[in-house]
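A short write-up of the structure that comes next.
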Amino acid sequence: MGLYFRAGMKRFTNIISLAFLLLMSSVYAGDSRVFFIKPSNGDVVDRTFEVVFGISGMTLAPAGTYDSGTGHHHLIIDAPLPDLSMPVPANKQYLHFGKGQDKTMITLEPGNHKLQMILGDGNHIPHSPPIYSEIIEIEVKP
């Protein structure tokens, strides 16, 4: 009985440890956020302008980094959130910052544009739960 009890306790301890890690990882992600430092909602900007990304509760890391609590930015331009179970697409509407950058210069056509950010893991897949910003609207001067 002693051997059976020890094996059962070890399995019980492993299950409790795993449950704790899962609970803490979702709490950690739930307190995390990404946001725009620059530009701000409603700003009027030149055709080429700086975008500065903010992050709280996570650590920026290059793509290919798989440590818990890390990710890298993706900028969404005039498009909806991507499929949250797949890697973020890479095209002119979904820009990747896989080197862990926290700012960039972009050029857009004159007019109104919507910008949003989403954090991706080492494989460019959004976290679970996903960490994305509010949508901001800017006007690009002619």
> Quick check: anything in segment 116-125 assigned by TED's automatic domain parsing to the domain that holds H72, charged (D, E, K, R) and surrounded by 15 or more Cβ atoms within 10 Å (Cβ to Cβ)?
Replying inline: yes
> In segment 32-66, which residue that is over 15 Å from E137 (Cα atoms) and in contact with a Ser or Thr (Cβ under 6 Å, 6 or more places away or on another chain) is surrounded by the fewest Cβ atoms within 10 Å (Cβ to Cβ)?
Replying inline: T48
> Q93 versus (1) in contact (Cβ under 8 Å) with a residue 24 or more places away in the chain; (2) surrounded by 13 or more Cβ atoms within 10 Å (Cβ to Cβ): which is the lone unmet condition?
Replying inline: (1)
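Condition check ((1) out of contact with any Pro (no Cβ under 7 Å at 6 or more places or on another chain); (2) under 20 Å from G57 (Cβ atoms); (3) β-branched (V, I, T); (4) in contact (Cβ under 8 Å) with a residue 60 or more places away in the chain) across all residues:
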{"site": "P89", "(1), (2), (3), (4)": "no, no, no, no"}
{"site": "K114", "(1), (2), (3), (4)": "yes, no, no, no"}
{"site": "G122", "(1), (2), (3), (4)": "yes, yes, no, yes"}
{"site": "S128", "(1), (2), (3), (4)": "yes, yes, no, yes"}
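From the list H113, H73, pick out the single residue that is under 17 Å from N123 (Cβ atoms), modelled with pLDDT of 95 or more and not in a loop (DSSP other than H, G, I, E, B).
H73
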>> Can you say whether N91 is in contact with an Asp or Glu (Cβ under 6 Å, 6 or more places away or on another chain), modelled with pLDDT of 95 or more and at negative phi, as far as the supplied structure shows?
In response: no
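The values are calculated or read from the model by the stated rules, or taken from the named source; none is laboratory data. Worth saying up front: this structure is predicted, and the values here are computed from it rather than measured. Please note: Cβ atoms are built from the backbone with ideal geometry, for glycine as well, and neighbour counts cover all protein chains shown.
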